[in-house]
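These notes are about the structure you will find just below.
The values are calculated or read from the model by the stated rules, or taken from the named source; none is laboratory data. Since this is a predicted model, take the numbers as computed values, not measurements. Cβ sites come from the backbone with ideal geometry, for glycine too, and all protein chains shown count toward neighbours. Surface accessibility is based on the protein's heavy atoms, side chains included, excluding ligands, DNA and RNA. Shrake-Rupley method; radii C 1.70, N 1.55, O 1.52, S 1.80 Å.
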Amino acid sequence: MSHFPTSDNCPLETFNTWFDEAKQAIRKDPNAMTLATASPSGTPMVRVVLLKDVSPEGFVFFTNYESQKSQQLQSNPVAELNFYWRELNYQVRIHGRAGKISSLKSDAYFAQRQRPSQIGAWASMQSQPLTAYAALEKRIEHFEALYEGKDVPRPPHWGGWCVQPDWIEFWHQLDYRLHQRCRYTKEANGRWAYSLLYP
C-alpha cells in the first residue's frame, strides 16, 4: 500500500515507513543504495553501498577512508543517494553534504561486525590495483595471525560517512508513467519545504 507523503509529513518519517515496507518485501539487502560522488573537476562516479543508520543527522554508510569514493568526498563533499525498491514501486533520492562520523560511532559499529569482515577491513587496500587474488588472501592470513586470540581493532583508515540531506525526493510509480513525485527541501530555519513535482 502506498504511503505517499504530503506537506504534513516529515520526510525522515516517510523514509522510515517506506524502508520498513522494503525490509518486509525484499529478502536481500533492502538497505542497498546507490551513492554518487564527483571529483573536484566534476567527473561523476557511482556505486552501490549499504545504509547502516538513518537519523535526523543523516544517512550513514561505512567504507575505507582511502577508497576512491572517500577521496572524492573529502575533496568534494557533495553526494547523492538513491534507493529503488522495485517490488514496491518506490524510489527515494537524497542530495546533501557528506562528512565523517565520530571515531566513537565508527568504533561501536566496527565492534559489531563479524570477525571475517573486521579482518577484511585491514586486509583490503580498497580501490588499489591487485596483482592476483592470492595477494589478498595472503594479507588476510597475515592479519588473522596478527590478531589471533585478540579483539580486532578498527583500522584508522576505515569508518563511517554521513550524508546530511539538503533535499529528499519521493517517487511512487503509477500506471502510464503518471507517477507521484514530491520533494522536501531543507530551509535555513531547519524546517522542510514541500513541493509536488511533475513525474
Inset, instruction - Rounded to whole Å and sorted largest first, list the principal axis extents of the Cα atoms in the range 20-71. - result: 40, 21, 18
Legend entry - Reduced Cα scattering model of the range 55-132, Debye log10 I(q)/I(0), q = 0.11, 0.16, 0.20 Å⁻¹: -0.41, -0.83, -1.11
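Compute the Cα gyration tensor for the range 1-49, then decide on rounded, prolate or oblate, letting a ≥ b ≥ c be the square roots of its eigenvalues: rounded whenever a/c is under 1.5, prolate when a/b is larger than b/c in the other cases, and oblate in all that remain. Please report the intermediate quantities before stating the final value.
Working: a/c = 4.13, a/b = 1.59, b/c = 2.59.
Judged from the Cα gyration tensor, the range 1-49 comes out oblate (a/c at least 1.5, b/c at or above a/b).
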Legend entry - Additional length obtainable on full extension of the chain from Glu144 to His3, 0.36 nm per residue less Cα span: 46.0 nm
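Can you send over the carbon and sulfur percentage of the accessible area for the chain, probe radius 1.4 Å, protein chains only? Don't jump to the answer; show the numbers that get you there.
Working: 5950 of 11880 Å².
Heavy-atom surface of the chain belonging to carbon and sulfur, 1.4 Å probe: 50 percent.
Measure up Lys105/Lys150; Lys52/Lys100; Lys28/Lys52 against 18 Å on the Cα-Cα distance and list the ones that go over.
Working: Lys105/Lys150 21 Å; Lys52/Lys100 14 Å; Lys28/Lys52 14 Å.
The pairs that break the limit, which is 18 Å between Cα atoms, are Lys105/Lys150.
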Inset, instruction - Could you state how much accessible area Thr17 has, in square angstrom rounded to the nearest 10, with a 1.4 Å probe and all protein chains kept in place? - result: 60
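Rounded, prolate or oblate, given the Cα gyration tensor of the range 90-159, with a/c below 1.5 counting as rounded?
Numbers: a/c = 2.43, a/b = 1.46, b/c = 1.66.
Verdict is oblate for the range 90-159.
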Legend entry - Residue-by-residue Karplus 3J(HN,Hα) for the range 86-92, coefficients 6.51, -1.76, 1.60, Hz, glycine and proline x: 4, 4, 10, 6, 10, 9, 10
Legend entry - Evaluated at q = 0.10, 0.12, 0.19, 0.22 Å⁻¹: base-10 log I(q)/I(0), Debye formula over Cα of the range 1-118: -0.35, -0.50, -1.16, -1.36
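List the relative contact order of the chain as a percent without decimals, with contacts defined as Cα pairs under 8 Å and 6+ residues apart. Don't skip to the answer; put the middle values down first.
Details: 330 pairs, mean separation 45.4, N = 199.
Contact order relative to length: 23 percent.
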Inset, instruction - Using Kirkwood radius over Cα pairs in Å as the read-out, say which of [x] 16.4; [y] 18.6; [z] 17.7 was calculated from these coordinates. - result: [y]
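Using mean Cβ contacts within 10 Å as the protection proxy, how do 99-109, 131-141 order, highest first? Please report the intermediate quantities before stating the final value.
Values: 99-109: 14.7, 131-141: 11.5.
Averaged packing, sorted descending, gives the order 99-109, 131-141.
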Inset, instruction - Take the alpha-carbon centre of the range 139-199, take the same for the range 30-51, and report the distance between them in whole Å. - result: 10
Inset, instruction - Extending each Cα 7 Å along its Cβ direction at Ser55 and Ala135, get the distance between those two points in nm, one decimal. - result: 3.9
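Once you have a ≥ b ≥ c as the square roots of the Cα gyration tensor eigenvalues for the range 105-199, tell me rounded if a/c is under 1.5, and otherwise prolate or oblate according to whether a/b is larger than b/c. Walk me through the intermediate numbers first.
Numbers: a/c = 3.73, a/b = 2.31, b/c = 1.62.
It comes out prolate by the Cα gyration axes.
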Legend entry - Options Met45, Ile94, Asn16, ranked by Cα towards positive dipole end of the chain, top entry (Cβ charges): Met45
Inset, instruction - Compute the distance in nm between two label points, each set 7 Å from the Cα along the Cα-to-Cβ direction, one at Ala111 and one at Arg27. - result: 3.5
